[in-house]
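The values are calculated or read from the model by the stated rules, or taken from the named source; none is laboratory data. Remember, it's a predicted structure, so these values are computed and weren't measured experimentally. Note that each Cβ is placed from the backbone with ideal geometry, even for glycine, and that neighbours are counted across all protein chains shown. Quick note on the areas: whole protein, heavy atoms, side chains included, nothing else; ligands and nucleic acids left out. Shrake-Rupley method; radii C 1.70, N 1.55, O 1.52, S 1.80 Å.
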Amino acid sequence: KAGVTQTPRYLIKTRGQQVTLSCSPISGHRSVSWYQQTPGQGLQFLFEYFSETQRNKGNFPGRFSGRQFSNSRSEMNVSTLELGDSALYLCASGRDRGYQETQYFGPGTRLLVL
Amino acid sequence: KQEVTQIPAALSVPEGENLVLNCSFTDSAIYNLQWFRQDPGKGLTSLLLIQSSQREQTSGRLNASLDKSSGRSTLYIAASQPGDSATYLCAVRPGGSQGNLIFGKGTKLSVKP
């Protein structure tokens, strides 16, 4: 069974640009969550999608947005990039919203904002 | 507000040693607690998941315990190997509808040959 895949793996952007990251969950998983990882703040929750609906949202500005498609693939978008957005962006998939099961993480997209 | 703390932040041990990593959380209302491993620049690999009703879980040389009432979990690694070198992250899934994982900052483990 293929794991969680994220594309692209690496990205370099400049301040003010926007970026879209993609996440394909494990087949059969309907929940996708996004996290930002930085050396200073560690792993912080961005948002969670289940069956194309955003269920939870973390404490990030409106420049961060996401969506989920009918095949459970998810994208997140960051507009008007800032230097502080440089981070490893991880997505995780799970089978259900019962919160009883393991979440599986992808390899991440490393974003560098210059 | 749920907070997760991991101590120590870094640990260096000789190969073959048994070791314990600690995780504490401030709110005992959790669905479960999960231990992950992260290699440099990589994603997270799930090691063990302990439900709130369980006291421990074992997988190979790893054993994780959970004491929900005191807000503590430990990850025990037996007979450590250089390949165990990585950052170990503890995460809790809070109870209620906010089901996202809340992570500690991790313990960076180095096992010297």
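Note that the protein assembly as shown presents 47 Å² accessible area per residue, ligands and nucleic acids not counted, probe 1.4 Å.
Straight-line cross-link partners of B:Lys108 among the lysines, defined as a Cα under 16 Å from its Cα and at least 8 positions apart when in the same chain: B:Lys42.
The dipole here belongs to segment A:29-84: it is taken about the Cα centre, uses +1 on the Cβ of Lys and Arg and -1 on the Cβ of Asp and Glu, and is about 120 debye.
What the Cα atoms of the protein assembly as shown give is an Rg and a Dmax of 17.5, 50 Å. Convex hull of alpha carbon positions in chain B: directionally averaged projected area 6.6 nm². Charged side chains reduced to their Cβ positions (Lys and Arg at +1, Asp and Glu at -1) give segment B:17-113 a dipole of some 120 debye around its Cα centre.
Peptides B:8-19, A:36-47 ranked from most to least packed by the mean count of surrounding Cβ atoms within 10 Å: A:36-47, B:8-19. Exposed loop trypsin sites (Lys or Arg not before Pro) only (DSSP loop, at most 13 other Cβ atoms within 10 Å): please give the longest stretch of chain A free of them, not including the sites. For trypsin sites (Lys or Arg not before Pro) (loop position, at most 13 other Cβ atoms within 10 Å), the longest site-free span of chain A is A:64-114. Applying a DSSP loop filter and a limit of 15 other Cβ atoms within 10 Å to the GluC sites (Glu not before Pro) in segment A:1-96 leaves A:Glu52, A:Glu82. Look at the stretch B:36-44: the mean tally of other chain Cβ atoms within 10 Å of its residues' Cβ atoms is 5. Note on A:Lys57: lysines with a C-alpha under 16 Å away, same-chain residues under 8 apart excluded, are B:Lys1. Per-residue 3J(HN,Hα) values for segment A:52-63, derived from phi via the Karplus relation 6.51 cos²θ - 1.76 cosθ + 1.60 with θ = phi - 60°, read 6, 10, 6, 9, 9, 9, x, 8, 10, x, x, 5 Hz in sequence order (x marks Gly and Pro).
Summing Cβ point charges (Lys, Arg +1; Asp, Glu -1) relative to the Cα centre of the protein assembly as shown gives a dipole of roughly 400 debye. With an 8 Å cut-off on Cα pairs and a minimum separation of 6 or more residues, tell me the relative contact order of chain A in percent. So the answer I get is 36 percent. Based on the convex hull around the alpha carbon atoms, segment A:30-95 presents an average projected area of 4.3 nm². Placing +1 on the Cβ of each Lys and Arg and -1 on the Cβ of each Asp and Glu in the protein assembly as shown, which of B:Leu66, B:Gln34, B:Pro14 has its Cα farthest towards the positive end of the resulting dipole? Comparing the listed Cα positions along the dipole, B:Gln34 ranks first.
Computed over every Cα-Cα pair of chain A and binned at 10 Å starting from 0, the pair-distance distribution P(r) comes out as 15, 50, 29, 6, 0 percent.
Here the simple spin-label model places points 7 Å from the Cα toward Cβ, and for A:Gln100 and A:Leu114 these points are separated by 5.0 nm. Think of segment A:8-114 as a dipole: +1 on every Lys or Arg Cβ, -1 on every Asp or Glu Cβ, centred on the Cα centre; then among A:Ser33, A:Val19, A:Ser65, A:Val19 lies furthest on the positive end.
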